Amino acid sequence: MVGIIIVSHSVKVAEGIKEIAEQMGKGIVPIVAAGGTDENEIGTSPLKIQAAIESVYSEDGVLLFVDLGSAIMSSEMAIELLNESMQKKVEIVDAPILEGVIAATIQATIVSDIDKIKETAIGAKKMTKRWD
């Protein structure tokens, strides 16, 4: 099963998104929040992200969802810390963090194809929040 990592500068934001996603994923999809620094302050930690990836890693792959620019840098550093075979199965998704994680989680309960899950998450960019 594809693993999902939520990388936010805030521990609370990452945990909140995880809480919603776990409800939507019915406990089937492995989801880890990797928010905040190693001291749980505002920021990101490559080592925390690396540990999160390793905790949900499978041959199906791992998708990372990030909030702000330095979360991308920390995630890239975390991927570089992995062994080469794992690196090939881990991707940062260019999707909105909340909507993307929810869409990916729901899709991951249906299929195990990482490309389809990623495509669904990216499609969340086009979600409208208006019904009129």
Magnitude of the charge dipole, the chain, Cβ model with Lys/Arg +1 and Asp/Glu -1, debye to 20
460
Whole-Hz Karplus ³J(HN,Hα) for region 31-41, in order, using 6.51 cos²θ - 1.76 cosθ + 1.60 and θ = phi - 60°, x for Gly and Pro?
10, 10, 8, 10, x, x, 7, 4, 9, 6, 9
Select one label from (i) 17.5, 53; (ii) 13.1, 46; (iii) 13.6, 49: the one whose number is Rg and Dmax of the Cα atoms in Å as derived from the coordinates shown.
(iii)
With at most 12 neighbouring Cβ atoms within 10 Å, loop GluC sites (Glu not before Pro) (DSSP) excluded, longest segment of the chain:
60-132
In a GNM of the chain with a 10 Å cut-off on Cα contacts, which of Ile92, Ile72, Ile110 has the highest mean-square fluctuation?
Ile110
Taking trypsin sites (Lys or Arg not before Pro) in a DSSP loop with at most 13 other Cβ atoms within 10 angstrom as exposed, one finds the longest site-free stretch of the chain at 27-87
Over the chain: helical MRE at 222 nm, DSSP H runs n ≥ 4 each giving -39500 (n - 2.57), nearest 500:
-14500 deg cm²/dmol
So, in nm, how far is label Glu19 from label Asn83 when the simple model puts each one 7 Å beyond its Cα toward the Cβ?
3.7
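We did not get these values from a lab; they are worked out from the coordinates using the rules stated. Because the structure is a prediction, the values reported are computed rather than measured. Neighbour counts are summed over all protein chains in view; Cβ atoms, including those assigned to glycine, are modelled from backbone coordinates with ideal geometry.
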